[in-house]
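Down below is the structure, laid out as structure tokens.
Bear in mind that the values in this text are calculations on the coordinates, not laboratory data. Predicted, not measured: the structure shown is a model, and the values here were computed from it. For neighbour counting, all protein chains shown are included, and Cβ atoms are generated from backbone atoms with ideal geometry for every residue, glycine included.
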Amino acid sequence: MGKVKYSEGIDYVQGSLAKPKVKDGHKCGSYLIGTHRTAATTNPECTRLYIRNAETYKRTTPPSADELAIRERFAQVSHMVSVRKKDLSKINADTAAFLAQKDQPGGKTTMLSWYWMVCSAEYDKQQG
């Protein structure tokens with residue numbers, strides 16, 4: 001098995017390192033995915049690199065009802081965030097509320113994460 005040695009200053013690499021290009025409406029190429037295992041073990045080799053061909057991956061099962069519900073919630077909250085960010089009547093109040101909680105323990109550190117928190121709570125309240 002090959003090993004990866006990083007330069008000084010780079011502890012590890014994690015996530016998608018290369019994604020396939022979209023050409024003529026379909027993906028061609030491969031994913032290069034790096035993982036870093038943080039579990040305490042005696043094996044010092046805790047980084048793995050995987051290559052997955054984008055053209056050969058086919059989902060074998062249909063999305064479950066829970067997955068579809070999660071996708072729908074994400075789409076709705078995302079839409080609510082984009083609308084609220086552009087609503088001129090709420091910008092000043094939203095900015096003040098964000099700044100008031102930003103430095104508190106557990107406070108959201110970016111305006112976008114604050115919007116997601118507020119809109120998620122609003123969506124969940126509407127859904128019962």
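Before moving on, here are some points about what is shown:
- As a rough footprinting exposure proxy, the listed residues GLU8, GLU122 were ranked by other beta carbons within 10 Å of their own, and the order from fewest upward is GLU8, GLU122.
- Cα→Cβ-extended label distance, 7 Å offset, between ILE70 and ASP103, nm: 3.7
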